Amino acid sequence: MKFVVFRFDPEIDEEPRYETYDLDTPPGMRILDCLNIIREEHDPGLSFRYSCGHGICGSCGLTLNGLASLACQKLVKHYERSPEIKVEPLGFYPVIKDLVVDMEPFFQRMRAIHPENWGKISPVQVSKQLHQSQEDHALIVDAIKCIMCGACTAQCPVMLDEDPEFIGPAAVLRAKRYIFDTRMTDTEERKRAIESPHGVWSCDTRWLCTKVCPKGIQVTNNILDLKAVLKKYSLSNK
Ligand code: SF4
Ligand code: FES
């Protein structure tokens with residue numbers, strides 16, 4: 001398989017470039033393993049990020065043939081109909097080197113949905129178990145699967161073209177996870193946070209977040225559920 005890999009070292013390069021590597025790879029090989037072969041056998045200077053290798057840590061996000069993906073989850077055979085696999089950094093985030101991006105804009109957005117007093121659980125709360133029924137758990141179980149890989153945000157056309165300050169699909173999903181959690185006590189503050197400018201209403205339902213999510217989360221449907229609740233909330237506050 002032919003790999004066309006984005007390369008850019010801001011300390012040396014004036015412009016990004018692409019390097020091509022021909023590898024003899026079995027169909028079941030992970031793209032992450034292919035990148036390791038490139039680094040070990042062809043180019044020790046190639047930079048990319050990973051940790052768990054099993055779709056858990058969310059650190060190996062990059063763009064494969066135009067779609068945000070996890071390098072440890074995609075196999076060579078997923079691209080057998082393509083003449084090549086184009087490997088690029090995740091979109092939206094600034095490139096640090098080659099396939100490594102600065103994820104701080106993502107984490108800053110994830111932090112923004114938490115009210116100021118978040119995490120300060122009162123003694124009353126910690127002294128008893130916080131029970132959750134199966135029905136209540138079902139409201140948030142999909143959103144809980146998020147591994148914060150940033151793929152949805154990197155692919156979101158609103159972030160890329162319309163509103164670069166949009167809080168992004170992952171942060172809206174996380175807000176939904178807390179707002180729908182019947183054990184939480186700061187729901188009203190959180191609703192106000194997510195309704196701020198560049199918040200949930202910047203989403204115009206393009207579905208690409210759902211398409212690329214490596215955990216199969218119905219990101220768009222979760223966002224629509226949250227919008228429906230917020231609409232009711234706005235009406236009841238008029
Ligand atoms: S919603 Fe999916 S794509 Fe977005 S950060 Fe979470 S796991 Fe990654
Ligand atoms: S290396 Fe952890 S998700 Fe890919």
Candidate cut points under trypsin sites (Lys or Arg not before Pro) in the stretch 79-117, DSSP loop plus at most 14 other Cβ atoms within 10 Å of their own Cβ, are Arg81
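Given the DSSP H assignment, sum -39500 (n - 2.57) over each helix run of at least 4 residues in the chain and divide by its residue total; what's the result at 222 nm in deg cm²/dmol, nearest 500?
Numbers: 9 runs with 78 residues, N = 238.
Mean residue ellipticity, 222 nm, calculated: -9000 deg cm²/dmol.
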Assertion target for Leu99, Leu32, ordered by fewest C-beta neighbours within 10 angstrom first, is Leu32, Leu99
For the stretch 64-108 the translational diffusion coefficient, Stokes-Einstein from a Kirkwood Rh over Cα pairs at 20 °C and viscosity 1.002 mPa s, in µm²/s, is roughly 181 µm²/s
Whole-Å distance linking the alpha carbon centroid of the stretch 17-74 with that of the stretch 75-95 is 9 Å
If every Lys and Arg gets +1 and every Asp and Glu gets -1 at its Cβ, then about the Cα centre the chain yields a dipole, in debye to the nearest 20, of 1300 debye
Counting every C-alpha pair in the stretch 104-236, the percent lying more than 24 Å apart is 27 percent
Simple spin-label estimate for Tyr233/Ile96, 7 Å along Cα→Cβ, in nm, reads 3.4 nm
Computed over the stretch 2-101, the relative contact order (Cα-Cα under 8 Å, seq sep at least six) in percent reads 34 percent
Cα extents of the chain along the principal axes, largest first, in whole Å, come to 60, 36, 34
Mean separation of Cα contacts under 8 Å (at least 6 apart) over the residue count of the chain, i.e. the relative contact order in percent, is 18 percent
Here, the stretch 2-101 modelled as identical Cα point scatterers in vacuum has Debye log10 I(q)/I(0) at q = 0.12, 0.22, 0.23 Å⁻¹ of -0.34, -1.23, -1.35
The stretch 151-238: relative contact order from alpha carbon pairs under 8 Å, six or more residues apart, as a whole percent, is 35 percent
Per DSSP, the loop-located trypsin sites (Lys or Arg not before Pro) within the stretch 133-201 having at most 15 other beta carbons within 10 Å are Lys145, Arg183
Taking 0.36 nm per residue of separation between Arg111 and Asp161 and subtracting their Cα-Cα distance, the length gained on full extension comes to 15.7 nm
Projected onto the charge dipole of the stretch 136-231 (unit charges on the beta-carbon of Lys, Arg, Asp and Glu, signs +1, +1, -1, -1), the Cα from Ile194, Leu224, Thr182 with the largest positive-side position is that of Thr182
Sorted by number, the cysteines in the chain with no other cysteine beta-carbon under 4.7 Å are Cys34, Cys60, Cys72, Cys146, Cys149, Cys156, Cys203, Cys213
Set Lys145/Lys232; Lys74/Lys227; Lys2/Lys74; Lys145/Lys211, cut-off 23 Å on Cα-Cα distance; pairs above it are Lys145/Lys232; Lys74/Lys227
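Taken together, the values in this text are just the output of simple stated rules run on the coordinates, not laboratory data. Fair warning: this is a prediction, and the values are worked out from it, not measured in the lab. Glycine also receives a Cβ, built like all others from the backbone with ideal geometry; neighbour counts cover every protein chain displayed.
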